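**Q** Can you read through this structure? Questions will come right after.
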Amino acid sequence: MDKKWWHQAVVYQIYPRSFNDTNGDGVGDLRGVIEKLDYLKELGINVIWMSPIYPSPMDDNGYDVSDYVSIAPEFGTMADLEELIAAADQRGIKIVMDLVVNHTSDEHPWFVESRSSKDNGKRDWYIWHKPKPDGSMPNNWNSWFTRSAWDLDEETGECYLHLFSKKQPDLNWTNPQVRNAVHDIMRFWLDKGIGGFRMDVINLIGKPSDYPDGALDNVGVMGIDHFANHSHAHQYLREMHDKVLSHYDVLTVGETPMVTTFEGKLYSHPKRCELGMVFQFEHMDLDKDSNFAAKKELDLVRFKEVMSRWQEDLHNQGWNSLYWSNHDQARAVSRFGNDIAYRVESAKMLASTLHFMSGTPYIYQGEELGMTNTYYDTIDQYDDLLDHHKYDILINDEQLSDEEALDIIRPFSRDNARVPMHWSNQPNGGFTSGKPWLVMNENYKIINAQAALEDSDSVFYHYQKLITLRRNSDYANVIVYGWHQLLQPKDPEVYSYKRYDDQKSLLIVSNFTDRTLERSFDEKVIRIVISNYKGSSSDLSALKLRPYESVVYEITM
């Protein structure tokens, strides 16, 4: 496989409205990102992925775009973005934009025209169908945020498709004018010098022309068996690569719900000329049975199987993205670690376990501090559309009490990740001098960037060491391109695996419990590469692992 610059990159995701507010309106802004570039340079990352900063009614916090080639006033100006791109470039950091083109806002001029009449020139830029003769929706598809994926437009008597909010109508990608318009948008941003795109739910852009009823239950949302990973999505991505991406050296990552390793190879194999890598979600579904189920303990055996399969199946056949959390996932240390007694240890353990895998790692803002979930008392305190949709189902369909519904919502709420960044122990965590758009987690007084930078043993500096090992060390090649071998796959408490190439071999051992455990390995240790505890043992014949201890060894070949 040809080596690409983004193979060795480490990406930091910024959720702009929650990162750093410089004008006191309670919403983060582009000036705030510029202000923190030196912090990010010190961490060691070399790519920033920006969640959407385009004009938007903010029904889904910017993932409902009303203008693809401007900047939302609450975030700043185009001049601010251009300054950010240049200032980041001076620090060796590339800016990756969020490309949200499965759907637009219903306030986008394209949709305003489309819904104005059946014979408007942009009518078929979106997906319109007549209701069934009995007045019901065209098919049984659900959306992620509503009971039906269709909404009736009273003026024209037809329904439009929206796989998310009813204010997020899906574009009709079968229309070449739509595809050409998206290509023009991409060129606009690429010509400003950005380093690539994260493509929102890009595997949903191909839909079957007959729009049949969904048949499969318990697969996320009804109808996903038809609208995810349709062959047309691959065709449209190849066209996008041919017309646009092939002319630039950029990172592309597709958000791809319901993708398998086989489909991951189809999207990311370099000879297929589609995407650089994909976000898969298999490992994000292992501590819950469904979107409407209570949190359960992580099945580590199953987790290891999933992660190892992605490592091995895509080796030299595609490329992995590596992540624990993002703007759609709860805080990793609360979800998979112990965010009270062993917050620092388990945050570091999770980082080491992931960052020694092959693929491009993604760090979500605050993850490098070990930020935790924020649990609210009432549904009204939650901003997330998905939480309110879940609440409606749990209360009205499942007949749960208010507290029972909230107990299901709290551990997985996307707001857990969207609570503003903790910069200091000052009021509102130093995020804003005004009122934060989302209620802060009170533990900012202890967990914050200032405290982390002043503590040489903090989670921040552990991430810094991991990034240095991947980007600039004698171990870089084996970490980025080496083979993967899972060890002791049936162990329900310890995750151990090897990474090796022709020159070096590494053993990664992580305790996922709050107990001291003993394990045995046959390998011979050369040195400890990194550990989240001082004084880790090198006796692999009788290795004692303290709670959430994670050790990486260089071992003999």
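The values are calculated or read from the model by the stated rules, or taken from the named source; none is laboratory data. For clarity, every value in this text was computed on a predicted model and none was experimentally measured. We place every Cβ from the backbone using ideal geometry, glycine too, and count neighbours over all the protein chains shown.
**Q** For the range 335-362: of the residues being closer than 13 Å to LEU466 by Cβ and out of contact with any strand residue (DSSP E or B) (no Cβ under 7 Å at 6 or more places or on another chain), which is surrounded by the fewest Cβ atoms within 10 Å (Cβ to Cβ)?
**A** This residue is LEU350.
**Q** Moving on to the next point. Determine if the range 214-222 includes at least one residue that is surrounded by 18 or more Cβ atoms within 10 Å (Cβ to Cβ), within 20 Å of the chain's Cα centre (by Cα) and closer than 23 Å to SER143 by Cα.
**A** Taking every residue of the range 214-222 in turn, at least one turns out to be surrounded by 18 or more Cβ atoms within 10 Å (Cβ to Cβ), within 20 Å of the chain's Cα centre (by Cα) and closer than 23 Å to SER143 by Cα.
**Q** Only residues that are small (Gly, Ala, Ser), over 28 Å from TRP483 (Cβ atoms) and more than 19 Å from the chain's Cα centre (by Cα): list them for the range 317-369, please.
**A** The one that is small (Gly, Ala, Ser), over 28 Å from TRP483 (Cβ atoms) and more than 19 Å from the chain's Cα centre (by Cα): ALA341.
**Q** I would also like to ask the following. Would the range 416-431 turn up any residue that is within 25 Å of SER510 (Cα to Cα), assigned to a helix (DSSP H, G or I) and in contact with a strand residue (DSSP E or B) (Cβ under 9 Å, 6 or more places away or on another chain)?
**A** Within the range 416-431, one or more residues are within 25 Å of SER510 (Cα to Cα), assigned to a helix (DSSP H, G or I) and in contact with a strand residue (DSSP E or B) (Cβ under 9 Å, 6 or more places away or on another chain).
**Q** Mind counting the residues in the range 67-81 that are surrounded by fewer than 21 Cβ atoms within 10 Å (Cβ to Cβ) and of a type in the set (Ser, Thr, Tyr)?
**A** 2
**Q** Quick one: how many residues across the range 113-168 are touching a helix residue (DSSP H, G or I) at 6+ places or on another chain (Cβ under 8 Å), part of a loop (DSSP other than H, G, I, E, B), in contact (Cβ under 8 Å) with a residue 12 or more places away in the chain and of a type in the set (S, T, N, Q)?
**A** So the count comes out to 3.
**Q** Determine whether SER473 is of a type in the set (Gly, Ala, Ser), without any contact (Cβ under 8 Å) to a residue 24 or more places away in the chain and at negative phi.
**A** yes
**Q** Count, please, the residues in the range 355-383 that happen to be closer than 22 Å to TYR39 by Cα and not in a loop (DSSP other than H, G, I, E, B).
**A** 9
**Q** Suppose the filter is over 16 Å from the mean Cα position of the chain (by Cα), at pLDDT 95 or above and of a type in the set (S, T, N, Q); does GLN13 pass it?
**A** no
**Q** Then there's this: Could you check the range 302-333 and list, in sequence order, the residues that are assigned to a helix (DSSP H, G or I), out of contact with any Phe, Trp or Tyr (no Cβ under 6 Å at 6 or more places or on another chain) and within 26 Å of VAL459 (Cβ to Cβ)?
**A** PHE303, VAL306, MET307, SER308, TRP310, GLN311, VAL333
**Q** Go through the range 495-506 and give me each residue that's without any contact (Cβ under 8 Å) to a residue 60 or more places away in the chain, in a strand (DSSP E or B) and not polar (S, T, N, Q).
**A** Residues satisfying the conditions are LYS498, TYR500.
**Q** I would also like to ask the following. Run down ARG91, ARG115 and say which single residue is touching a strand residue (DSSP E or B) at 6+ places or on another chain (Cβ under 7 Å), surrounded by fewer than 21 Cβ atoms within 10 Å (Cβ to Cβ) and on the phi < 0 side of the Ramachandran plot.
**A** ARG115
**Q** Quick one: count up the residues across the range 466-490 that are basic (Lys, Arg), surrounded by fewer than 18 Cβ atoms within 10 Å (Cβ to Cβ) and not in a loop (DSSP other than H, G, I, E, B).
**A** Count: 1.
**Q** Can you tell me which residue is surrounded by the fewest Cβ atoms within 10 Å (Cβ to Cβ) among those in the range 145-180 that are closer than 23 Å to ASP59 by Cα and small (Gly, Ala, Ser)?
**A** Looking at residues that are closer than 23 Å to ASP59 by Cα and small (Gly, Ala, Ser), I get SER148.
**Q** Hey, does the range 126-146 have a residue that's modelled with pLDDT of 95 or more and either within 25 Å of TRP189 (Cβ to Cβ) or in the same structural domain as ARG187 (by TED's automatic domain parsing) (or both)?
**A** Checking the range 126-146: at least one residue is modelled with pLDDT of 95 or more and either within 25 Å of TRP189 (Cβ to Cβ) or in the same structural domain as ARG187 (by TED's automatic domain parsing) (or both).
**Q** Of all residues in the range 23-56 being surrounded by fewer than 17 Cβ atoms within 10 Å (Cβ to Cβ) and in contact with a Lys or Arg (Cβ under 7 Å, 6 or more places away or on another chain), which is farthest from ALA87 (Cα to Cα)?
**A** This residue is LYS41.
**Q** If MET258 satisfies all but one of (1) over 20 Å from the mean Cα position of the chain (by Cα); (2) of a type in the set (A, V, I, L, M, F, W, C); (3) farther than 17 Å from LEU354 by Cβ, what's the number of the condition it fails?
**A** (1)
**Q** So, in the range 283-301, of the ones that are modelled with pLDDT under 95 and in a helix (DSSP H, G or I), which residue ends up nearest to PRO361 (Cα to Cα)?
**A** Filtering first and then ranking leaves MET284.
**Q** Can you name every residue in the range 384-414 that is part of a loop (DSSP other than H, G, I, E, B), farther than 21 Å from GLY62 by Cβ and either touching a helix residue (DSSP H, G or I) at 6+ places or on another chain (Cβ under 9 Å) or among the aromatic types (Phe, Trp, Tyr) (or both)?
**A** Correct list: GLU398, LEU400, SER401, ARG410, PRO411.
**Q** Report whether or not TYR382 is modelled with pLDDT of 95 or more, in the same structural domain as VAL306 (by TED's automatic domain parsing), within 21 Å of the chain's Cα centre (by Cα) and at negative phi.
**A** yes
**Q** Run MET1 past the list (1) touching a residue at least 12 places away in the same chain (Cβ under 8 Å); (2) in the same structural domain as LEU251 (by TED's automatic domain parsing); (3) surrounded by fewer than 23 Cβ atoms within 10 Å (Cβ to Cβ) and report the number of the one that doesn't hold.
**A** Tallying (1) touching a residue at least 12 places away in the same chain (Cβ under 8 Å); (2) in the same structural domain as LEU251 (by TED's automatic domain parsing); (3) surrounded by fewer than 23 Cβ atoms within 10 Å (Cβ to Cβ), MET1 fails exactly one: (2).
**Q** Okay, next question. From the set of residues in the range 284-298 that are touching a residue at least 24 places away in the same chain (Cβ under 8 Å) and surrounded by fewer than 18 Cβ atoms within 10 Å (Cβ to Cβ), which is nearest to LEU350 (Cα to Cα)?
**A** Checked the range 284-298; the qualifying residue nearest to LEU350 (Cα to Cα) is LEU298.
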